[in-house]
1. Testing residue 71 on (1) more than 22 Å from residue 205 (Cβ to Cβ); (2) part of a loop (DSSP other than H, G, I, E, B); (3) without any contact (Cβ under 8 Å) to a residue 40 or more places away in the chain, one condition comes back false. Which one is that?
2. Could you say which residue among 143, 135, 155 is in contact with a strand residue (DSSP E or B) (Cβ under 8 Å, 6 or more places away or on another chain), assigned to a loop (DSSP other than H, G, I, E, B) and open to solvent by 30 Å² or more (accessible area, probe 1.4 Å)?
3. Which residue pairs have Cβ atoms closer than 7 Å, lie 6 or more positions apart in sequence or on different chains, and pair a first residue in the stretch 159-186 that is in contact (Cβ under 8 Å) with a residue 60 or more places away in the chain with a second residue that is hydroxyl-bearing (Ser, Thr, Tyr)?
4. Confirm whether residue 182 is open to solvent by less than 70 Å² (accessible area, probe 1.4 Å) and among the hydroxyl-bearing types (Ser, Thr, Tyr).
5. Limited to the stretch 17-54, what total is found for residues that are basic (Lys, Arg) and crowded, with 17+ Cβ neighbours inside 10 Å?
6. For the stretch 121-148, how many residues are at pLDDT 95 or above, among the hydroxyl-bearing types (Ser, Thr, Tyr) and under 20 Å from residue 184 (Cα atoms)?
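The values are calculated or read from the model by the stated rules, or taken from the named source; none is laboratory data. Computed from a predicted structure; not experimentally measured. Here the Cβ positions follow ideal geometry from the backbone for every residue, glycine too, while neighbour counts run over all protein chains shown. Ligands, DNA and RNA are excluded from the accessible area calculation, which covers all protein heavy atoms including side chains. Shrake-Rupley method; radii C 1.70, N 1.55, O 1.52, S 1.80 Å.
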Amino acid sequence: MMHATHTPPEDWHENAYDLVRGIAAYSGSAVVEGIGRVIAQHRDADIANAFNYKQVGCKIWARDKLLESVGSTFGRIAVLGGWYGVLPAILFEDTRFTIRAIDSYDIDPAVEEVARTLNSAHGDRFRAITADMYALDYRTIGADLIVNTSCEHIADLKLWLELLPPGARVLLQSNDYFSEPTHISCVASLEEFKKRAGLAKLDFAGALPMKKYNRFMLIGTV
């Protein structure tokens with residue numbers, strides 16, 4: 001009887017890359033192929049965390065509710081706090097959508113190249129930009145949808161929303177995960193989130209129960 005070969009921990013990247021390449025070849029998924037490129041080119045990237053079950057589940061929820069409540073066609077989408085560009089990758093791969101371009105903004109310069117690598121299959125349709133969301137001129141970025149799935153990290157949500165031009169369409173997410181130290185502005189309920197945002201028009205409002213917290217989402221216009 002042959003025994004299974006145990007892979008030494010130091011070979012994790014090589015074996016993960018080989019596994020992901022195999023899954024990409026089988027599935028034909030541009031997202032999975034992009035994960036393989038990230039593993040190969042950015043050894044320090046926390047790509048496993050970016051694609052964990054909770055992270056992906058929240059983004060799939062955002063994608064599906066956006067389609068149901070607003071539609072499938074967008075000129076340019078701006079994703080704030082975009083990290084490694086996972087949401088753009090998921091949106092681009094969904095053939096139900098017609099999206100001309102997606103810009104991913106993040107204040108951390110270390111994530112820019114990782115996001116480009118993940119989304120390199122989409123060429124100039126994807127841009128990763130290092131920028132502070134408070135310093136953007138939202139009147140000139142040309143986005144017909146502004147996405148912020150990290151509202152729990154914004155000290156004053158209403159103050160930030162006031163930077164957006166009237167009528168701007170937004171997709172916002174927050175949560176009630178108060179025990180996480182980096183979450184400086186959680187909300188206790190969906191109703192509180194709606195009140196803090198004060199959107200002029202609400203196309204969708206809902207909660208997604210997770211194991212340790214609830215994820216809240218609003219889609220509408222300021």
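1. It is condition (1) that residue 71 fails.
2. 143
3. Pairs that qualify, where the first residue is in contact (Cβ under 8 Å) with a residue 60 or more places away in the chain and the partner is hydroxyl-bearing (Ser, Thr, Tyr), are 169/221; 173/149.
4. Values: open to solvent by less than 70 Å² (accessible area, probe 1.4 Å): no; among the hydroxyl-bearing types (Ser, Thr, Tyr): yes.
When the stated conditions are applied, residue 182 does not pass them.
5. 2
6. The number of residues fulfilling the criteria is 0.
Condition check ((1) at pLDDT below 95; (2) hydrophobic (A, V, I, L, M, F, W, C); (3) over 10 Å from the mean Cα position of the chain (by Cα); (4) more than 24 Å from residue 17 (Cα to Cα)) across all residues:
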site: 48; (1), (2), (3), (4): yes, yes, yes, no
site: 53; (1), (2), (3), (4): yes, no, yes, no
site: 72; (1), (2), (3), (4): no, no, yes, yes
site: 75; (1), (2), (3), (4): no, no, yes, yes
site: 88; (1), (2), (3), (4): no, no, no, no
site: 94; (1), (2), (3), (4): no, no, yes, no
site: 104; (1), (2), (3), (4): no, no, no, yes
site: 111; (1), (2), (3), (4): no, yes, yes, no
site: 119; (1), (2), (3), (4): no, no, yes, no
